[in-house]
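Here is the structure we will look at.
The values are calculated or read from the model by the stated rules, or taken from the named source; none is laboratory data. For clarity, every value in this text was computed on a predicted model and none was experimentally measured. Positions of Cβ are generated from backbone atoms using ideal geometry, with glycine treated the same way; all protein chains shown enter the neighbour counts.
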Amino acid sequence: MTNNDYLILQSLEKYKQSAEAASYSDLLLYTWNGLEFISKAFSNKKNKLEIIQELVALVYSFIYINKYHKWDLKDKKAVSEINKRAERLVVYVYTYRNKLVHSHLIENSFMISLSKGINIVFKEILSLLIDKIILNNDFIIEDIMNQLKSDLYKNIDDIKNKI
């Protein structure tokens with residue numbers, strides 16, 4: 001088993017634990033830990049927050065090009081807005097994660113919403129990665145991400161051609 005295989009398996013275990021979590025605090029912590037395992041598979045020099053933000057932005061991009069939102073991701077304003085939303089989610093979740101780990105935190109509605117949101121994004125990230133990994137046994141996570149970005153732009157072109 002390669003290191004990447006092991007990290008993906010650890011992420012899947014964290015997703016399972018998040019699905020079975022008894023509290024939203026646990027949901028947030030398991031989800032964040034799973035995202036950190038995925039970020040460790042990257043060999044580039046970005047820090048884990050940047051990598052996780054990039055993953056969230058990728059999922060948001062797939063969401064915002066759908067037939068309901070129809071965002072044009074070749075427009076810099078749309079890409080900037082997606083990146084800003086991804087950054088906000090990651091910063092807020094990371095802040096709550098730190099409060100949970102380093103001090104006592106009482107769950108509130110905003111923290112619960114963030115926990116649910118990041119967990120949905122985590123599930124989508126795992127789904128996208130696993131779909132690509134199944135086709136490519138000896139994978140490098142950066143290559144998988146580049147394939148996903150390529151798929152995103154193919155989807156954008158397909159949507160534009162249908163209009």
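General remarks:
- Out of Ser113, Ser127, one residue alone is under 17 Å from Ile8 (Cβ atoms) and among the hydroxyl-bearing types (Ser, Thr, Tyr). It is Ser127.
- Filter pass, Ser61 being over 21 Å from Asp151 (Cβ atoms) and in contact (Cβ under 8 Å) with a residue 60 or more places away in the chain: no
- Pairs linking a residue in segment 127-138 that is under 19 Å from Leu55 (Cα atoms) to a residue that is at pLDDT 65 or above and aromatic (Phe, Trp, Tyr), with Cβ atoms under 7 Å and 6 or more positions apart or on different chains, are Ile133/Phe139.
- Selection status of Ala86, among the small types (Gly, Ala, Ser) and surrounded by 19 or more Cβ atoms within 10 Å (Cβ to Cβ): yes
- Condition met for Asp157 (more than 17 Å from the chain's Cα centre (by Cα), modelled with pLDDT of 75 or more and more than 25 Å from Asn47 (Cβ to Cβ)): no
- Taking segment 1-74 and the helices (runs of 4 or more DSSP H) fully enclosed by it, the elements with 2 or more residues that are in contact with a Phe, Trp or Tyr (Cβ under 6 Å, 6 or more places away or on another chain) and within 16 Å of Arg97 (Cα to Cα) are at 3-19, 24-40.
- Within segment 38-81, being over 24 Å from Ile156 (Cα atoms) and surrounded by 19 or more Cβ atoms within 10 Å (Cβ to Cβ) holds for Ile38, Ser39, Ala41, Phe42.
- Cross-chain or 6+ apart pairs with Cβ under 8 Å, segment 39-54 first and at negative phi, then acidic (Asp, Glu): Phe42/Glu142; Ser43/Glu142; Asn44/Glu142; Lys46/Glu54; Lys48/Glu36; Ile52/Glu36; Gln53/Glu87
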